[in-house]
1. For G515, state whether it is surrounded by fewer than 22 Cβ atoms within 10 Å (Cβ to Cβ) and either at pLDDT 90 or above or out of contact with any helix residue (DSSP H, G or I) (no Cβ under 7 Å at 6 or more places or on another chain) (or both).
2. Name, by its number, the condition in (1) over 25 Å from M151 (Cβ atoms); (2) in contact with a Pro (Cβ under 7 Å, 6 or more places away or on another chain) that does not hold for F241.
3. List the residue pairs whose Cβ atoms are under 6 Å apart, where the first residue sits in the range 616-627 and is surrounded by 11 or more Cβ atoms within 10 Å (Cβ to Cβ), the second is at pLDDT below 85, and the two are 6 or more positions apart or on different chains.
4. Please find, among V307, V235, V327, V246, the residue that is aliphatic (A, V, I, L, M) and in contact with a Gly (Cβ under 9 Å, 6 or more places away or on another chain).
5. Starting from the range 111-124, keep only residues that are aromatic (F, W, Y), then list their pairs with residues that are crowded, with 20+ Cβ neighbours inside 10 Å whose Cβ atoms are within a distance under 6 Å, requiring at least 6 positions of separation or different chains.
6. Take A438 and tell me if it is at pLDDT below 60, closer than 30 Å to V570 by Cβ and either in the same structural domain as L372 (by TED's automatic domain parsing) or not charged (D, E, K, R) (or both).
7. Filter the range 485-527 down to residues that are touching a Ser or Thr at 6+ places or on another chain (Cβ under 6 Å), under 18 Å from A441 (Cα atoms) and of a type outside the set (F, W, Y), then give me how many there are.
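The values are calculated or read from the model by the stated rules, or taken from the named source; none is laboratory data. Keep in mind the model is a prediction, meaning the values are calculated, not measured. Methodologically, a virtual Cβ is constructed for each residue, glycine included, from the backbone with ideal geometry; neighbour enumeration extends over all protein chains shown.
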Amino acid sequence: MKLSFLWHHFGFRSRLQYLSQSLWLWLRRFVCRLKYCLVHITARTMVAVKNGKTQMTIQYVSYVPELILVIALGMGLYTQWSLTQDAIISAIAILGAFIFAVSCAFRYYFGQEDLGKALFHIWVGLLLGIIAFTNNPQAQYFTLEEVMEAMFMTSMVLGWCWNVLECLLKLRPLEAQLLTISEGLESLGLIIASLVTTVDSIALSLITLAYIFHISAMKLKSTMGFLSFIAFIFVGIFLFFPALQVKPNIYALTCFVGRHAFRSVIDFYFCGLSMIDRWRPLFGKARLMRYLCVILMFIMELVLAVVIGFGTSRHKEWYIVLPVYLVLAIFWLMFHFMSFITCWKLMGKITECNASADERRSFNRIMSAKGLRYFGLVSQRIIFLSLVTTIVVFAVGYETRTPYTLAMVFLVLPVEAAVVSLFWELGDNLGGTCTGYAVIAPVTSLKQGKGAQLLANLDVLEISTRGTSTLSELQQLFNYHMIQNFGCDYSSSGLELESLQNKMKAFFDRRTSDGPRFDTYLLYYSGDVYETGDWALADNKSLTLSMILGWFREKDNGSGSRLILVLDTVHSYLWAQNAQYVDSCFLAVQTCRYIMRSESAEIGEKFPVGTFTRAYVQFNNEQEVDIDWLSRTRPIRALYKVSSHWSDFSFHLPTREDVESYWRTNFHPAMKPLMKCLNLPDFGSPFCCCRCVFRWFRWLQMMWLPPRQLDTGHGFQLLST
């Protein structure tokens with residue numbers, strides 16, 4: 001009681017609060033100033049890096065880890081020679097010094113930098129392998145050996161620092177590479193070292209290839225490939241080398257693995273390329289090369305199954321393990337055969353995408369238009385279950401494992417993991433399919449209840465020219481965004497209701513080449529409308545918004561497709577106002593409002609119907625034109641409205657019927673029982689409540705604060721000014 005009385009009486013609590021607040025304010029000021037200094041220093045550094053001399057000076061830093069590594073290799077060779085007095089080590093050291101001298105001469109004197117780097121990295125890998133695989137236990141008591149090990153670690157850490165600095169200062173070009181020259185040639189040198197030493201060279205060569213495959217899988221931004229790499233490290237330390245009865249120099253191997261793997265790991269964050277962009281070097285190869293890669297992958301998987309099978313036949317309880325393995329091997333073979341067919345079809349679709357490749361369009365957009373998102377969604381489970389069966393088969397043969405089994409497993413796992421990640425990327429991040437239909441009619445300012453009007457020859461010529469230019473612009477929009485063109489109809493004599501109804505129903509009933517409906521149906525109209533926004537047709541008839549929605553709902557039949565109307569008419573903004581009250585389908589109306597201004601009339605500036613289409617196409621085709629959409633004096637205002645459930649839309653997900661149709665089309669009927677494994681019911685997501693909350697927030701945003709530019713997922717945007 002006395003202590004608490006003194007605490008309150010002398011105000012210790014208030015003083016402590018005052019001190020804590022003062023300290024907090026001081027820390028905030030310090031952090032702000034430190035942030036300012038770091039930003040300032042970074043900005044000054046980036047400006048300095050643009051200077052060629054400064055960039056060359058920074059580039060010299062990259063040679064420090066290599067120099068330390070060369071010195072460590074020399075010390076390691078000297079230690080080995082001092083213990084064994086082996087003349088071969090002396091010859092290797094003298095030849096290595098000569099090769100390094102020749103490499104420097106090629107790089108800095110003759111200008112043959114690639115040849116110099118090749119010689120350097122092959123010998124670095126070779127000498128690292130000799131030091132790692134001929135580890136002498138007596139050398140651990142030598143001071144030079146300890147210094148060598150410390151220099152290996154120093155070289156590796158300094159190499160990491162240089163890799164991070166390279167990324168921060170953007171000294172390395174942003175390009176997709178499955179393997180760099182240094183990684184490939186040093187691995188080749190390590191394989192040569194395994195042939196020179198007395199250890200099992202085949203197993204060491206296979207494990208080195210497995211390391212290369214893991215680096216390539218991580219460069220492809222495969223998260224499962226990264227998990228496989230972690231397992232590869234632990235298996236190599238605790239299972240592979242003990243099975244070989246080899247105790248390698250752990251520092252030399254760590255230096256070799258860490259120097260190259262670190263760059264692949266940090267590229268997950270620093271490299272801005274998407275997964276599909278990283279696959280482009282393989283996708284860009286010739287058709288024969290891509291198909292050969294698929295065949296080699298399947299052969300490698302078959303070899304793995306045979307190696308594990310021979311191992312299980314030597315099990316002490318082979319009469320139990322071998323039948324179990326044979327049953328699992330049948331399922332393994334069926335899933336991998338389906339995976340082979342799926343990858344073969346993927347390469348065929350990549351060939352179609354390469355044929356449509358254009359510098360103006362991203363490869364992702366081309367793949368989306370070719371239906372690769374749906375293909376990825378249907379095939380995801382096949383590829384994933386192939387990976388799972390590989391792990392299960394390895395688990396059955398785990399007790400009879402050999403170094404060859406371990407090496408083959410980790411040759412196959414990164415490849416299958418990278419393919420699984422690719423199909424997940426295709427299904428989750430590519431846009432959907434879209435088809436478009438354009439209807440263009442003359443604009444004669446027709447009014448409801450009045451007959452046809454006589455037009456002057458000049459007006460007829462102007463209407464015809466306007467319609468032709470609008471037709472050309474719509475075709476540009478469809479071609480640029482890979483929208484499947486159902487047709488662009490131009491009628492100079494008016495539109496009949498019956499023919500338009502038949503054409504629209506056929507358009508709404510259109511499906512992709514794989515079978516399902518398109519995700520988005522884009523309908524464009526420019527022509528005469530009445531004051532209510534309804535389309536003016538021949539014989540004084542009209543086409544209302546409710547009629548179009550009725551035809552669309554009839555063909556959609558609850559499949560979840562959406563309809564986007566792009567209207568360039570005088571009164572179509574009235575349809576946009578009604579679109580937000582539609583709750584029976586996913587609808588968006590992109591239109592405009594022509595505002596007649598006296599200033600434009602005084603200077604003789606005309607903005608006829610069709611002007612909005614030209615500006616909208618130029619905006620979405622990323623043409624460099626000066627369009628001030630936000631100007632209040634602009635006589636054309638773009639606006640869009642969406643239906644009440646627009647935020648609930650998602651691209652088409654394959655149903656069980658879609659999967660069965662795909663199965664019947666591509667696989668033998670004998671494999672139909674496996675379809676039950678692929679059609680297992682989906683378990684509810686643990687984050688379903690969060691998704692509902694996010695969906696509600698998106699609904700609020702679209703209703704109260706809609707964005708000025710709404711991305712459709714097909715490359716073009718809806719615009720509101």
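1. On the way: surrounded by fewer than 22 Cβ atoms within 10 Å (Cβ to Cβ): yes; either at pLDDT 90 or above or out of contact with any helix residue (DSSP H, G or I) (no Cβ under 7 Å at 6 or more places or on another chain) (or both): no.
The answer is no for G515.
2. Single failed check for F241: (1).
3. Q618/V625
4. Working: V235 fails: in contact with a Gly (Cβ under 9 Å, 6 or more places away or on another chain); V327 fails: in contact with a Gly (Cβ under 9 Å, 6 or more places away or on another chain); V246 fails: in contact with a Gly (Cβ under 9 Å, 6 or more places away or on another chain).
Just a single option satisfies the conditions, and that option is V307.
5. Once the first residue is aromatic (F, W, Y) and sits in the range 111-124, its partners that are crowded, with 20+ Cβ neighbours inside 10 Å give F120/S103.
6. Answer is no for this residue.
7. Residues meeting the conditions: 1.
Results for (1) under 25 Å from the mean Cα position of the chain (by Cα); (2) crowded, with 16+ Cβ neighbours inside 10 Å; (3) not in a helix (DSSP H, G or I), shown as yes or no for each residue.
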residue: F152; (1), (2), (3): no, yes, no
residue: M156; (1), (2), (3): no, yes, no
residue: N163; (1), (2), (3): yes, yes, no
residue: E166; (1), (2), (3): yes, yes, no
residue: Q177; (1), (2), (3): yes, no, yes
residue: G184; (1), (2), (3): yes, yes, no
residue: L190; (1), (2), (3): no, yes, no
residue: S194; (1), (2), (3): no, yes, no
